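Asker: Below is the structure I would like to discuss, written out as structure tokens.
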Amino acid sequence: MDINEVRFMASRPEGVAYISSIRKVPPSAFEDVKVDDHQEALSRGINVVHDVLQRYEGAGIRADAMDAGHGIGHLTRDYINALRLVGRLDLDPRHLFVGFVGGVLHDSGCAIQDRYEDSKKAIGHAEAGAILFNNATRDIKDLNESERYLIALSIAAHTHYLKPRVVPFTTGSENFAEVHLKPYEDIDSHGNPVYGLWIPRWVDRLDCNGPAFVARHFLTLGKPREEFAKDSGFYTTTFADSMVPLLRTPEEIKGSGRKSTMLEHLQMFASSQNNDSVYGRYDTPEMQALRDPQTERLRRVIDSVSRANGGYDPNIIGEWTRFLSETIEPTNIGASTAQTLEEMFGSLDQEAKSAWASGFRIAMTEYAAWAREATDDIRNMELPEEVLTPPLIGRNVLELISPN
């Protein structure tokens, strides 16, 4: 696999053409997926994920070089969440296979495409991940063409943007054209969800919920960047604005110029974790069983920040920094980002520091509860040691999620 070829394709019309081609793959292609039962879907999915991650590693991709919110920590939890979720889902095994592989690999495009450039790119991080997967699996013996295209599509579709967008497509001085981007088709002709495309979104949502998401989002605040909100679209966020312990209604946020605080961003995600939401409308009972405890944990963090009584324990931010760099994103980038954010945190006013110190304490406690629960689930699956130590991650995933 040639990583430079992937980067080149992701910046050229050929990349847009490839994404257009996988958008046309019909749900009937799942008939070509070669798995017969649930166990085969999971075991084959694990084998393909390990093969692909090994190819990524061999091409020079490093999970510890990705941004702190989408690096080795996120990949580890995606792997664990995919195992827990697909291990219990009662769906067509062909969709389970595609969804498991896409679920683990959905953010791999962050290795070649900035996650927070999506609003300006015809090829966002999800589409870049699809191109990366396609390039890496051209000669893989355990995948047929339908399987390759479906998994690539499941990766590309995981961002679940709801509205059409128009972006200029340029490379240097070349201006190719405006590209019209439509939401991905994820419903079949009978109005039923194409579960192979929804499962990667579910895996992603399990780490966009709960206490780890509090830490992940905080790790992305080191420099101004674009964020996305369902009701108001893309907006630019800064650390100082984000850390104001303010919680407004969606209408009030829209009227303020589309800038949500971190607390409001967490609330937006917590509020969408239900079957009345456009994101959660097809959540099965198995998904709900993993989703709902995470939502409760996230809400307890939100409540803690909202109801902080003004007391401030200065030791908490040091503990939070260690938690970020040793557990949530245990890499040099994670450690340096966490240290930078600790210094920035010191410049906040007393109200913000008090509120978030309270929230950080609760987030660490809630994370420890999630880690125990996830560890018990994975151990009960009785998976071999090599399954728990995937390539690119390089360490036992249960050790990685265990809070130090």
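Asker: Hey, if we sort MET381, MET66 by accessible area with the 1.4 Å probe, largest down, what's the order?
Answerer: Sorted by accessible area, descending: MET381, MET66.
Asker: Could you tell me the calculated FRET efficiency between ASP90 and ASP349, based on Cβ-Cβ distance and R0 = 45 angstrom, to the nearest 0.05?
Answerer: 0.35
Asker: OK, next. Set the Förster radius R0 to 51 Å, insert the Cβ-Cβ distance between GLU251 and ASP32 as r into 1/(1 + (r/R0)^6), and round the FRET efficiency to 0.05.
Answerer: Using R0 = 51 Å, I get an efficiency of 0.60.
Asker: What are the semi-axes of the equivalent ellipsoid of segment 259-317, taken as the square roots of 5 times the eigenvalues of the Cα gyration tensor, listed largest first and rounded to whole Å?
Answerer: 28, 13, 8
Asker: Treating cross-link reach as a plain straight distance, find the lysines whose alpha-carbon is under 16 Å from the alpha-carbon of LYS254, omitting any fewer than eight places away in the same chain.
Answerer: Counting by Cα, and skipping residues close in sequence, LYS254 has these lysines nearby: LYS230.
Asker: Taking the chain as a Gaussian network, where each spring joins two C-alpha atoms under 10 Å apart, which residue of GLU185, GLU57, GLU251 fluctuates the most?
Answerer: Greatest mean-square fluctuation among the candidates belongs to GLU251.
Asker: Who wins for biggest fluctuation among ASN275, ASN315, ASN332 in a Gaussian network model of the chain, springs between alpha carbons below 10 Å?
Answerer: In this elastic network of the chain, the residue with the biggest mean-square fluctuation among ASN275, ASN315, ASN332 is ASN315.
Asker: How much of the accessible area of the chain, probe 1.4 Å, is carbon plus sulfur, in whole percent?
Answerer: The nonpolar share, carbon plus sulfur, comes to 47 percent.
Asker: Additional query: Return a whole-number percent for the relative contact order of the chain, with Cα pairs under 8 Å and 6 or more residues apart as the contact set.
Answerer: Reported relative contact order: 19 percent.
Asker: Let me ask something else. Of ALA157, ALA308, ALA215, which is the most mobile in a GNM of the chain whose springs link Cα atoms less than 10 angstrom apart?
Answerer: Of ALA157, ALA308, ALA215, the Gaussian network model singles out ALA308 as fluctuating most.
Asker: Sticking with this structure for a sec: Sketch the reach of a paramagnetic label on THR365 as a point 7 Å from Cα along Cα-to-Cβ, and name the residues of segment 279-302 whose backbone nitrogen lies under 12 Å away.
Answerer: 300-301
Asker: Here is a further query. For the chain, what is the accessible area per residue in Å², given a 1.4 Å probe and the full set of protein chains?
Answerer: Accessible area per residue: 41 Å².
Asker: Using a 7 Å offset from the Cα along the Cα-to-Cβ direction at both SER119 and GLU5, what is the distance between the two label points in nm, to one decimal?
Answerer: That separation, rounded to one decimal, is 3.5 nm.
Asker: Let me ask you something else. If the chain were replaced by its equivalent ellipsoid, with semi-axes equal to the square roots of 5 times the Cα gyration tensor eigenvalues, what would those be, largest first, whole Å?
Answerer: So the equivalent ellipsoid measures 32, 25, 21 Å along its semi-axes.
Asker: Determine which lysines satisfy two conditions relative to LYS24: a Cα distance under 17 Å, and not lying fewer than 8 residues away in the same chain.
Answerer: Those lysines meeting the cut-off are LYS182.
Asker: Per residue of segment 358-363, in order, report the coupling 6.51 cos²θ - 1.76 cosθ + 1.60 (Karplus, θ = phi - 60°) as ³J(HN,Hα) in whole Hz, putting x for Gly and Pro.
Answerer: Values per residue, Gly and Pro as x: 4, x, 5, 4, 5, 4 Hz.
Asker: Classify segment 360-404 as rounded, prolate or oblate from the Cα gyration tensor: take a ≥ b ≥ c as the square roots of its eigenvalues, call it rounded if a/c is under 1.5, otherwise prolate when a/b beats b/c and oblate if not.
Answerer: oblate
Asker: Rg over Rh of segment 241-388, using C-alpha atoms and the Kirkwood radius, what does it come to?
Answerer: That ratio equals 1.01.
The values are calculated or read from the model by the stated rules, or taken from the named source; none is laboratory data. In this text the structure is predicted, and so the values were computed from the model without any measurement. Positions of Cβ are backbone-derived with ideal geometry, glycine not excepted, and every protein chain shown enters the neighbour counts. Just the protein is used for accessible areas: all its heavy atoms, side chains included, with ligands, DNA and RNA removed. Shrake-Rupley method; radii C 1.70, N 1.55, O 1.52, S 1.80 Å.
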